[in-house]
Amino acid sequence: MSENNLLKRAVHAQEVPPQLQLRVLTAIRAEAQKSVRSSAWRWMAPSLAAAAFAAFAVAFFLPRGQSPDSYIATVTSRVSNLMRVGMGDHIHCAVFRKYPKTPDPVEKMKRELGPEYFPLMAAVNANAPAGFALQMAHQCRFQGRGFIHLVLKNGEKIMSVVVAPKQDKETFAADRLVPAMSHSGIAFYQQGAAEFQIAAFENGSHLVYLISSEPAYKNLRMMLAMSAGLNEALPKS
Amino acid sequence: MTAMVFQSRMQRSDTVDKWLDSAGVLASGQSANRSNTDQFELEAMPHMNDLFRTATRLLGDRSRAEDVVQEVYLQAWKSYHRFEPGTNCRAWLYKILFHCVNHHRRKWFRFPLLREAEEFLEANLIQPAVVPDFLTDQDVLAALDKIPSDYRSVVLLVDVEEFAYKDAAEIIGVPIGTIMSRLSRGRKALRGLLEEVAMSYGVRKQREEAI
């Protein structure tokens, strides 16, 4: 084999990280959205009074001055119905919360999750991204629906794993969502609104969400890492 | 609006693309920009793996190469309106890659001067020899990493990525004559280093014994 062919073979044999394409595409799409927003602004500026636009921006994009419920409604209206379920509980229960300085004791978390769901703690702990630690775990209710909610924190960063028992044969496919990717036979879904990214999968009886303010590709990657453990830990119906 | 977003999603084979369609909150009036993005992705994304591999060899670090490739694509996207459809998108992306790599080299490394490259050659050039094909990819890559970056860039562009001298000259921003001389020296240096590796395996000894 010639030196040239050896060289080609060696360089082309280098593995490309599987997440690179996702990372690049995410960056391009984010840039594209930014440019649309700025061009929309340039187009609208002459025809709209500055004050009216500012009022619109404040009303729709800023949480400050809004009630938590109207903020949640505004943000979650930008995602599909089933994604709204998980994102709403995250913002309601994890974002609008004052946390104690130290995480809840493990025994308290176990007690509040109940015997059916406390194995989720181990699944989350085992695959939590570096720097994130379990801060709180409990069962909660939001807008009349019950959730199993585990909250992880890394400094000011908050991440939720939200599990919702299915109601009325809910599925992401019926919610007109297309999987972001499939892994080990599980379909994963991903959406984003405001600063929140939500990744989700389902099994026969539960919808499982991971919500954070990390970039979309990282959020999805964290969900991929946790999914097998979570699926295993969920009660089998 | 969400339903509209989902309905307007284009049929694409790549599941990642499908996700990206649903992941963003698309504003109305984004369709023109959207088709522009699709066009860009269609033209540019097929070259990503080659760009990453070249960047890895130029920088010697996979995570820096990832960062640089992302930067290349963002810069390319921002100046896509200046790209003429039908022209060589690959060469255009490589030109941006070299611009980014040079920028980062100035930031990350002490940039080796050409004089150092000359000294390297004086110290390492040996007579061309047959390169044994049992050398592993790692051997070849390690040897490639040892040759001065100016020569390595040209070897990667011409010998690995098969750019014409003219395109390589445009990508790097030097005259064709410089490309030719750097290529010749780079090849010689690489061959010399590979020969050394072969010697370390005892090949020369075997060959001498055979003679």
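Under 5 Å between amide H atoms, partner at least 5 residues away or on a different chain: which partners does residue A:207 have, H built in plane at 1.01 Å?
Counting only residues 5 or more places away or on other chains, the set is A:164, A:166.
Take every Cα pair under 8 Å in the stretch A:150-211 that's 6+ residues apart, average their separations, divide by the length, and report that relative contact order as a whole percent.
On the way: 88 pairs, mean separation 20.8, N = 62.
Once divided by the residue count of the stretch A:150-211, the mean separation gives 34 percent.
Output the DSSP H helices from chain A with an along-axis C-alpha extent of no less than 27 Å and a mean Kyte-Doolittle hydropathy no less than -1.0.
On the way: long enough: A:20-44 (36 Å, -0.16).
Span-like helices, by this rule, are A:20-44.
Using alpha carbons only, how many angstrom separate the centre of the stretch A:110-179 from the centre of the stretch A:215-237?
Their Cα centres are 10 Å away from one another.
How well do other chains shield peptide B:150-157, expressed as the mean number of their Cβ atoms within 10 Å of each residue Cβ? Intermediate results must be reported in sequence, preceding the final value.
On the way: counts 0, 0, 0, 0, 0, 3, 2, 0.
Per residue, the average neighbour count from other chains is 1.
Taking a 27 Å limit on the Cα-Cα distance, which of the listed pairs A:110/A:236; A:8/B:166; A:218/B:78; A:34/A:157; A:34/A:101; A:110/A:153 fall beyond it? If you can, show how the numbers build up before the last one.
Numbers: A:110/A:236 19 Å; A:8/B:166 20 Å; A:218/B:78 23 Å; A:34/A:157 23 Å; A:34/A:101 37 Å; A:110/A:153 18 Å.
As for pairs spanning more than 27 Å Cα to Cα, those are A:34/A:101.
In nm², what is the average projected area of the convex hull enclosing the Cα atoms of the stretch A:87-237? Spell out each step's value before the answer.
Details: hull surface 34.8 nm².
So the Cα hull casts an average projection of 8.7 nm².
So how do A:83-93, B:176-186, A:24-34 stack up, highest first, on mean other-Cβ count within 10 Å? List each step's numbers first, then the result.
Values: A:83-93: 24.9, B:176-186: 17.5, A:24-34: 19.9.
Packing order, densest peptide first, comes out as A:83-93, A:24-34, B:176-186.
At 10 °C and a viscosity of 1.306 mPa s, what translational diffusion coefficient does Stokes-Einstein give for the stretch A:130-204, taking Rh as the Kirkwood radius over Cα pairs? Give it in µm²/s as a whole number.
Values: Rh = 14.2 Å.
In µm²/s, the coefficient rounds to 112.
Since every read-out is calculated from the coordinates, none of them should be taken as a lab result. What you see is a predicted model, and the numbers here were worked out from it, not measured in a lab. Here the Cβ is made from the backbone with ideal geometry for all residues, glycine too, and neighbour counts use every protein chain on show.
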